[in-house]
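None of the figures in this text is laboratory data; all of them are computed from the coordinates on show. Bear in mind the structure is a predicted one, so any value in this text is a computation, not a measurement. No Cβ is skipped: glycine too gets one built from the backbone with ideal geometry, and neighbour counts run over all protein chains shown.
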Amino acid sequence: MLITLTRTFLLYILVVLTMRLMGKRQIAQLEPFELVITIIIAELAVIPMQDPNIPLINGIISITTLLFIQVTFSVLSLRSIRFRSFLDGRYSLVIANGKILEKEMRKARYNLDELLEQLRQQSVFNLSDVEFAILETSGELSVLLKSQKRPVTPEDMQLETDYEGLPLVLIMDGQVMTSELKAGQLGEGWLRAELEKHGIKSPSDVLIASLNTTGDLFIQAKEP
Amino acid sequence: MKLWIVMCLIMLAIVVGGSLLERSILKATDYLSHILDSAKDAVRDNQWQVALDLRNKVDEKWRKQQKTWSPFIHNSDLNAITVSLTRLQSFLESKEQAHALAEISQLEVLLLQLHGQEVLTLKNVF
């Protein structure tokens, strides 16, 4: 029992580390070859976990080899467009100039129900609003609406807008984010003074505190 | 790119380690088979003490190798040889010639299989 426990623990760490090294994409965003590798890694970890007779090194070598293949393919994909299109395939243009391209749909084995469903997921309920739709290699649909149907932007209205950067999260779960404070060229003294203004004695009493680029400090205290 | 270089080094270590393991298995199994051949001759000549000494020599070497190989080779393959060596000891002590010879032959086959399984061949790959 203890052997299984230890082996499971070690393999779990290895799988987490492998997935972490493979990149930050979510399952839905994985390219076909990445999805295959992910599934195989999970299977490979389970076999030596269940059977203590199988040397742990067998699982470790298999998982490491798959990671090596994945990293190598990613490096090659970065360097060669031909290799990338071989590995990931090419996107399919399913709607062009407002017209559904049946031939492309058939080639991608993509039916109208799927097209309408993915359009609805992007809040497009009227097919005639679509100028272009591209079925990406990850299976996601990218949609370009007709110019008259696109939401109005400040640029369309010729309105001036202020710069908006990323807000700085200064306190999270009662912990002061010193790197964020440094990035905003702020000190802990300033932060404590700001907290006192809001009637909070210590950063440990704060659930979250963030500062936006216009200088507004948002503070939410922890529930008592 | 840094990760890829690290991965290449790890893969190189695996390939080198695998080759060293394969060589170690070949060397050890050859040595053990050679001693077992001598033990077989001793059994045929009814030299039971000599055969028992040779068996003990194989056992000693095997225990050392088993420790080294156990992290890399399927445990049931290693256990089969240990069990066979124990059985051989009993047959030699009770001077059962037919059984002892059969056990030595089985041991030779097991050692041959052990090496055969670890060699990189098309047969093993497929």
- Note on the structure: Sorted by chain and then number, the residues having a modelled amide H within less than 5 Å of the amide H of A:Leu145, at least 5 places away or on another chain, are A:Glu131
- Query: Listing B:Lys61, B:Lys2 from the residue with the fewest other Cβ atoms within 10 Å to the one with the most, what is the order?
  - Reply: B:Lys2, B:Lys61
- Item | Long-range HN-HN contacts of A:Val206 with modeled amide H, under 5 Å | A:Gly174, A:Lys222
- Karplus-derived 3J(HN,Hα) from phi for the range A:119-129 (6.51 cos²θ - 1.76 cosθ + 1.60, θ = phi - 60°), whole Hz, x at Gly and Pro, runs 5, 4, 4, 9, 6, 10, 9, 10, 4, 6, 7
- Rank the residues B:Phe126, A:Phe73, A:Phe125, A:Phe132 as a footprinting-exposure proxy: fewest other Cβ atoms within 10 Å of their Cβ go first. B:Phe126, A:Phe125, A:Phe132, A:Phe73
- Note on the structure: If B:Ser38, A:Ser74 are placed from fewest to most neighbouring beta carbons inside 10 Å, the sequence is B:Ser38, A:Ser74
- Message: Among A:Ser204, A:Ser85, A:Ser128, which one shows the highest mean-square fluctuation when chain A is modelled as a Gaussian network with alpha-carbon springs under 10 Å?
- Response: A:Ser204
- Note on the structure: Contact order relative to length for the range B:27-125, counting C-alpha pairs under 8 Å separated by 6 or more residues, stands in percent at 32
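Just the projected area, averaged over all directions, of the convex hull on the alpha carbon atoms of the range B:1-60: how many nm²? Spell out each step's value before the answer.
Values: hull surface 17.8 nm².
That works out to 4.5 nm², a quarter of the Cα hull's surface.
Taking 1 over the mean of 1/r across every pair of different Cα atoms in the range A:136-224, what Kirkwood radius in Å do you get? Could you put the intermediate results ahead of the total?
Working: mean 1/r = 0.0621 Å⁻¹.
Answer for the range A:136-224: a Kirkwood hydrodynamic radius of 16.1 Å.
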- How large is ³J(HN,Hα) for each residue in the range B:31-40, as worked out from phi by the Karplus curve 6.51 cos²θ - 1.76 cosθ + 1.60 (θ = phi - 60°), to whole Hz, x for Gly and Pro? 4, 5, 5, 4, 5, 5, 4, 5, 5, 4
- Query: Where the centroid of each part is defined by its Cα atoms, how far is the range A:22-98 from the range A:154-224 in Å?
  - Reply: 39
- Can you list residues whose amide H is under 5 Å from A:Ile95's amide H, if they're 5+ apart or on another chain and H is modeled 1.01 Å from N? A:Leu101, A:Ala133
- Query: Tally Lys/Arg at +1 and Asp/Glu at -1 over every other residue whose Cβ is under 14 Å from the Cβ of B:Thr86; what's the total?
  - Reply: -1
- Query: Can you give the calculated 222 nm mean residue ellipticity of the protein assembly as shown, where each DSSP H run of n ≥ 4 adds -39,500 (n - 2.57) and the sum is split over every residue, rounded to the nearest 500 deg cm²/dmol?
  - Reply: -20500 deg cm²/dmol
- Per-residue ³J(HN,Hα) for the range A:184-201, Karplus 6.51 cos²θ - 1.76 cosθ + 1.60, θ = phi - 60°, Hz, x for Gly and Pro: x, 6, 10, x, 5, x, 4, 5, 4, 4, 5, 5, 4, 4, 8, x, 10, 7
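On a 24 Å Cα-Cα criterion, which of the cross-link pairs B:Lys27/B:Lys123; B:Lys27/B:Lys57; A:Lys182/B:Lys2; A:Lys99/A:Lys149; B:Lys40/B:Lys64 come out too long?
Values: B:Lys27/B:Lys123 21 Å; B:Lys27/B:Lys57 16 Å; A:Lys182/B:Lys2 28 Å; A:Lys99/A:Lys149 16 Å; B:Lys40/B:Lys64 22 Å.
Over 24 Å apart, Cα to Cα: A:Lys182/B:Lys2.
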- Over chain B: Kirkwood hydrodynamic radius from C-alpha pairwise inverse distances, Å: 15.9
